[in-house]
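Enquirer: Have a look at the structure that comes next, please.
Throughout, read-outs are computed from the coordinates displayed, never taken from laboratory work. None of these values were measured; they are calculated from a predicted model. Virtual Cβ from ideal backbone geometry, glycine too; neighbours counted across all protein chains shown.
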Amino acid sequence: MMNNQISDEYISVSKAEELTGIPNATLKRYVLNHSEFIQFKKQGREYRIKVTELEKLKLIRKLYNEGLKKEAVHERLVAEGIPVTIIVNESEDKSLVFVNEELTELKKMLKMQMEFNQHLLQELHELKQMVNRKEAEMIQELRNSMKQAKDEAMKVLQEAAASKEKRSWFSRLFKR
């Protein structure tokens with residue numbers, strides 16, 4: 001519990017200077033130039049840096065000491081997978097939105113959506129198979145009905161032809 005309190009603590013730039021050995025003005029410049037990577041808040045005219053960000057500030061210092069420029073430092077921070085923080089203003093109250101947390105949540109939601117879509121596709125496939133079976137059954141029934149109707153029609157024609165041949169000699173004589 002105590003460790004969690006420390007990680008949620010914000011310190012002054014002067015205190016961060018003591019802990020990191022990075023000059024005060026340089027720390028402020030890093031905070032302003034790389035604000036999307038560093039969790040901080042501004043209270044009046046003073047910047048306060050989250051304790052957990054001190055290692056990031058040391059990394060930024062190291063990258064600048066290697067001769068990298070602002071854009072190259074930014075690219076390296078991205079490549080290192082340093083979480084990006086976006087400051088959102090909500091009616092004068094500034095709150096931090098952690099992009100990595102939001103992305104993780106979005107990934108979870110996307111995974112759930114993909115699973116749901118997969119389930120729907122499976123049900124659709126099963127429904128399509130069922131419709132195809134029913135359609136095949138109906139076509140077969142229609143063919144059977146047509147065959148039966150044809151057979152009955154042929155039977156009637158054969159009976160009519162047979163009855164015509166069975167007419168008496170008298171009716172054949174008068175062709176009626």
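Enquirer: How large is the charge dipole for the range 106-166, taken about the Cα centre, if only the Cβ atoms of Lys, Arg (+1) and Asp, Glu (-1) carry charge, to the nearest 20 debye?
Expert: On the way: 12 positive and 10 negative charges, 52 e Å.
Using only the charged Cβ atoms, the result is roughly 240 debye.
Enquirer: Rank by packing, highest mean first: peptides 39-51, 112-124, with packing defined as the count of other Cβ atoms within 10 Å averaged across residues. Mind showing how you got there, number by number?
Expert: Numbers: 39-51: 14.8, 112-124: 10.0.
The peptides rank, most packed first, as 39-51, 112-124.
Enquirer: Provide Ser12, Ser145 in ascending order of the number of other Cβ atoms located within 10 Å of each residue's Cβ, fewest first. Show your work: numbers first, answer last.
Expert: On the way: Ser12 14, Ser145 10.
So the ranking, lowest neighbour count to highest, is Ser145, Ser12.
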